[in-house]
Amino acid sequence: MKYSIPIFWRNKYSYYRLEFTKCKRCNKIAFFRRRVCPFCRSRDVEVLTSKGIGRVISFTVSYFRGSTNLESYPRIIALVELEEGFKVIGELSDVKPEEVKEGMYVEAVLRRFSSDDPYGLIYYGVKFIPRVKK
């Protein structure tokens, strides 16, 4: 699957970092970097970067084989609640489906998502790996 390079570049902060917005007026958090608070419409917002540490709330295992990343199936998709208080959906990596448990701690890492072809662009993004709670 080919992605639009300009769109991928414009969204690089979302793909490569877990940036979020904290409103200084209503004090709510919105995931993805924004210029305006989606709750109170204030422009007085602060962009912060998550540490990427959280825990699995729920997960599912997908056995669907698409045209990219054939070596990484089955895929484990999880709802992760980060320490900063918001939830994101992401792929779990470096773990077998039978090892995943709700409540397990994970951390965000940069991993390969896909490529256009054997000699094309390689796309990277945030995935989650198991973490020993400290």
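The values are calculated or read from the model by the stated rules, or taken from the named source; none is laboratory data. Owing to the predicted nature of the structure, the values given are computational and were not obtained by experimental measurement. Positions of Cβ are generated from backbone atoms using ideal geometry, with glycine treated the same way; all protein chains shown enter the neighbour counts.
Kindly provide the set of residues from segment 9-49 that are in contact (Cβ under 8 Å) with a residue 40 or more places away in the chain and either part of a strand (DSSP E or B) or over 16 Å from the mean Cα position of the chain (by Cα) (or both), ordered by number. Scanning segment 9-49 gives Phe20, Ile29, Ala30, Phe31. The set of residues in segment 80-134 being small (Gly, Ala, Ser) and at pLDDT 80 or above consists of Gly85, Gly90, Ser93, Gly103, Ala108, Gly125. Any residue in segment 33-47 that is under 25 Å from Ile7 (Cβ atoms), touching a Ser or Thr at 6+ places or on another chain (Cβ under 6 Å), modelled with pLDDT of 95 or more and not small (Gly, Ala, Ser)? Checked segment 33-47: at least one residue is under 25 Å from Ile7 (Cβ atoms), touching a Ser or Thr at 6+ places or on another chain (Cβ under 6 Å), modelled with pLDDT of 95 or more and not small (Gly, Ala, Ser).
Residues in segment 72-111 that are free of Cβ contacts under 8 Å to residues at least 24 places away in the same chain, among the basic types (Lys, Arg) and closer than 24 Å to Phe20 by Cα: Arg111 only.
Of all residues in segment 50-68, exactly one satisfies the criterion of being over 16 Å from the mean Cα position of the chain (by Cα), surrounded by 13 or more Cβ atoms within 10 Å (Cβ to Cβ) and either in a loop (DSSP other than H, G, I, E, B) or at positive phi (or both), namely Thr68. Selection over segment 78-105 of residues that are assigned to a strand (DSSP E or B) and closer than 22 Å to Lys12 by Cα gives a count of 11.
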